[in-house]
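Working notes, structure below.
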Amino acid sequence: MNKRQIPQISSRKAPKQARSTELVSAILEAAIQVLAQEGAQRFTTARVAERAGVSVGSIYQYFPNKAAILFRLQSDEWQQTTDMLRNILEQTHKPAFERLRALVHAFIRSECEEAGMRVALSDAAPLYRDAPEAQAANAAGDRIFQDFMREVLPQAAEASRTLACDLITATLGTVGKDFSESPRTLPDIAAYADAMADMFCAYLERLARP
């Protein structure tokens with residue numbers, strides 16, 4: 001059986017001059033528009049080039065294929081999420097559960113605000129999810145959550161902390177995506193985030209008991 005080929009998803013080169021940076025920005029902005037309007041299945045390099053007003057060859061200077069463009073969009077989204085995790089969970093002067101609640105609220109609100117793009121990127125994930133670059137990008141956020149679990153559950157077994165980390169991050173991602181696929185009001189978002197935070201805190205409180 002042939003091993004499934006993983007496409008190249010790293011950018012060919014990084015822009016070094018202002019003009020090149022502007023070109024890459026225009027390509028990515030066009031890619032966002034095409035993805036939002038056409039969806040992942042109809043997303044092509046040619047459509048991005050047409051929307052950006054550049055040649056396909058100009059795109060290939062920086063991105064080897066459409067998977068690389070989509071991965072760049074996904075990487076930017078992952079980086080935003082990682083920064084959010086770090087900015088909230090590493091504020092150790094605040095109580096741990098207060099930080100967790102703040103994170104849940106920020107994450108669910110972000111999911112709802114950017115629902116269309118996130119759904120489209122999720123549909124595109126099979127193009128790049130098995131690539132080493134994708135696994136490395138995800139690992140950064142995982143490490144932040146793992147450090148938080150060690151703080152909240154210092155006496156728990158490593159296996160218990162790992163399970164708690166996996167369960168909470170998977171629930172946030174999966175349930176948050178499902179919730180955001182329908183239009184939500186701000187009170188709806190707040191109530192849902194409160195309920196999810198209550199669930200997470202109760203679960204961690206139980207794990208923390210001797």
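Odds and ends about this structure:
- Residue range of the chain that is longest and free of trypsin sites (Lys or Arg not before Pro) which are both DSSP loop and sparsely packed (at most 12 other C-beta within 10 Å): 43-210
- Set the Cα radius of gyration of the stretch 83-203 against 2.2 N^0.38 Å, with N its number of residues, and you get 1.09.
- Between the helical axis of 66-89 and the longest alpha-carbon principal axis of the chain there is an angle of about 30 degrees.
- Restricting the calculation to Cα atoms, every distinct pair contributes to the Kirkwood radius of the chain, found to be 18.9 Å.
- Helix 18-38 axis versus longest C-alpha principal axis of the chain: approximately 70°, rounded to the nearest ten.
- Using θ = phi - 60° and Karplus 6.51 cos²θ - 1.76 cosθ + 1.60, couplings along the stretch 102-108 (whole Hz; Gly, Pro as x): 4, 5, 4, 4, 5, 5, 5
- For the stretch 55-210, accessible area per residue (1.4 Å probe, heavy atoms of protein chains only), Å²: 51
The values are calculated or read from the model by the stated rules, or taken from the named source; none is laboratory data. In this text the structure is predicted, and so the values were computed from the model without any measurement. Every residue, glycine among them, receives a Cβ derived from its backbone with ideal geometry; neighbour counts consider all protein chains shown. The area values use the complete protein model at the heavy-atom level, side chains included, leaving out ligands, DNA and RNA. Shrake-Rupley method; radii C 1.70, N 1.55, O 1.52, S 1.80 Å.
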